[in-house]
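Structure first, commentary second.
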Amino acid sequence: MHQRATVGAAALLVAGILAGCSSPDAASHAPKDTTPVDRGTWPAQTVESGLAKGLRLPLAAYTPTYGDQVEVNTALGTLQTRCMAEYGFTVDLPSSAVTPPPTNDTNIERRYGITDRAQARKYGYLLPPEQRETTQETDLDLPAVQVEVLTGHTKPAQAAAPEGGDGSYVGATGATEPARAEVNGKKLPSGGCIGWSKRQLKTDDFDTGLITQLASKSLSDSRPAEPVENAVKEWSACMKGKGRKVPDPYRAIEQGLADVKGDDPTRNAIELALDDIDCKKQTRLVRVWFTEESTVQRRLIEENKSRLDDVKKRSDKVIEAARAVK
């Protein structure tokens, strides 16, 4: 299935950091990630081509942009690095901006199925290669004491190799204990440097769960609307006329993604994708569905106005605090 962009609520820059941790006598710091950040790969706030060109759902006004999320994650990383230095450790955390999501914050490009014919002609239902590839961030192979300072808990215990194995198995059990009370004569903050950095920016206020919930509801609530139902039926009939038996665009995606050779779509998958988009254009399915969902979202916004305004206000404060970190 294609990747879907999530509105990550201040996802920690060091998420998954412990997966690469090894023995306590590891190097005192990891090499700095020097991967250049190409802002050209960042998802546009408004789609620039295809049937979804220019479309922007009402809830997008309350959604932090990818750039906003990079600002927050970068600030968290800066604060965590400074915090670690207070305990005598130099740790360069990897950049938070080298692995952008492949779509914009509402995934409007593929919200109602694929919409870009130029991409479909090349890749079928697959994402373009540059969006499939992710830059490997530097694994921080931290000594146990640094893990405690960073996270506020001990390094996850390593799992034993299965009996009869070849000895190459490596894995963590995930079991941890609370960190020691102090390191190098300085008391550890609750949650380590990660917890401390989050409190500085008040990232617990960077909560977009309500927006995600409403966006999911608006999609499901708009699907049974009569104009959408009629457009989907017309689309399916159009596809049948092309020899394709698919009841809705999501089934077409399933068929197309299953029809690949290695990392490339088959000729049939590409032709299916082109038929799909041509039928969407003929039936105006994308515009019809977008119009109906926009109506639903405006209603949901009105019903949840005070809560959404509060989320936006708190998110703006977090972003402002992140930009102040130098």
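Every read-out reported here was derived from the displayed coordinates using simple, explicitly stated rules and does not represent laboratory data. Because the structure is predicted, anything quoted here is derived from the model rather than measured. No Cβ is skipped: glycine too gets one built from the backbone with ideal geometry, and neighbour counts run over all protein chains shown.
Annotations for the structure displayed:
- The string of couplings for the stretch 269-277 from the Karplus curve (6.51, -1.76, 1.60, θ = phi - 60°) is 5, 5, 5, 4, 5, 5, 4, 4, 5 Hz, one whole number per residue in order, with x for Gly and Pro.
- When each of 122/233; 280/305; 53/313; 281/312; 245/280 is checked by Cα-Cα distance, pairs over 24 Å: 122/233; 280/305; 53/313; 281/312
- Distance in nm between pseudo-label sites at residue 175 and residue 210 (7 Å out along the Cβ direction from Cα): 4.2 nm
- Taking amide H atoms as placed 1.01 Å from N in the peptide plane, the amide H of residue 153 lies under 5 Å from those of 179, each 5 or more residues away in sequence or on another chain.
- Computed from the C-beta positions of residue 226 and residue 258, the FRET efficiency with R₀ = 22 Å rounds to 0.10.
- Among 71, 254, sorting on how many other beta-carbon atoms sit within 10 Å of each Cβ, with the fewest leading, yields 254, 71.
- Put simply, the amide H of residue 183, placed in the peptide plane, has neighbours under 5 Å in 188, leaving out anything fewer than 5 places away on its chain.
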